[in-house]
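Please read the structure below before turning to the comments.
The values are calculated or read from the model by the stated rules, or taken from the named source; none is laboratory data. All of these numbers come straight from a predicted model, not from anything done at the bench. Cβ placement follows ideal geometry from the backbone for every residue including glycine, while neighbour counts extend to all protein chains displayed. Please note that ligands, DNA and RNA were not included when accessible areas were found on the heavy atoms of the full protein model with its side chains. Shrake-Rupley method; radii C 1.70, N 1.55, O 1.52, S 1.80 Å.
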Amino acid sequence: MAGMFTLGALGLGLSVDAFAAAVGKGASMGSPKWRDAIRIGAVFGAFEAIMPCLGWLIGKAVATWFSEYGGWIAFILLVGVGGHMMWEAWHGDLAEEHDEEEKKPAMSMLSVALTAVATSIDALAVGVSLAVMGVPLLAACIVIGGVTTVIASGGVMIGKHAGIWLGRYAEIMGGAVLILIGAAIPVQQFLMRS
């Protein structure tokens, strides 16, 4: 069973997509207030909490079939998601996205929600891993959603000061965290069998 430290690290890893997007939103808003940042952060946090639930349900449906290989499935999914996050951050053109966002004078909550859905797709795959690993759903969703809300809210406020360049590096670090969590699974299984 995953401890709070592991869930917190997982929440941090998953929240960096939202953080990178929130930095961009904050930079494009000009001068957001804390209430705007918290509202945007809550939207990101809600979607980041919902997606693992959906993935968890999918994972529970197939967990009995893959019980022998569950650790390896979780390893592959987490390393794959983390690697994909790092690849997209490295090859994406965040400056171009920032320029497009700056041209928009106002931001609707629909725009924020669509961005939140896009940044939380990786949490769906992680949810499958959580089910296979036997992680309690409610605890995982609360921690992941809470961490993302805080991180994304801070990202909006950082965005108005630091600019969009920070988002790429944060996403690379988040991908690395997911890869490290995934890589720890086979090591943990090996140690348990020894």
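When you scan the stretch 25-42, do you find a residue that is modelled with pLDDT of 75 or more, under 19 Å from LEU138 (Cβ atoms) and assigned to a helix (DSSP H, G or I), even just one?
yes
Are any of the residues in the stretch 64-74 open to solvent by less than 10 Å² (accessible area, probe 1.4 Å), in the same structural domain as PRO136 (by the TED database), at pLDDT 85 or above and over 18 Å from VAL117 (Cβ atoms)?
no
Sort out for me the helices (runs of 4 or more DSSP H) sitting completely within the stretch 91-194 that have 3 or more residues that are surrounded by 14 or more Cβ atoms within 10 Å (Cβ to Cβ) and modelled with pLDDT under 75.
Numbers: elements: 94-102, 109-133, 137-162, 165-193.
Qualifying helices (runs of 4 or more DSSP H): 94-102, 109-133, 165-193.
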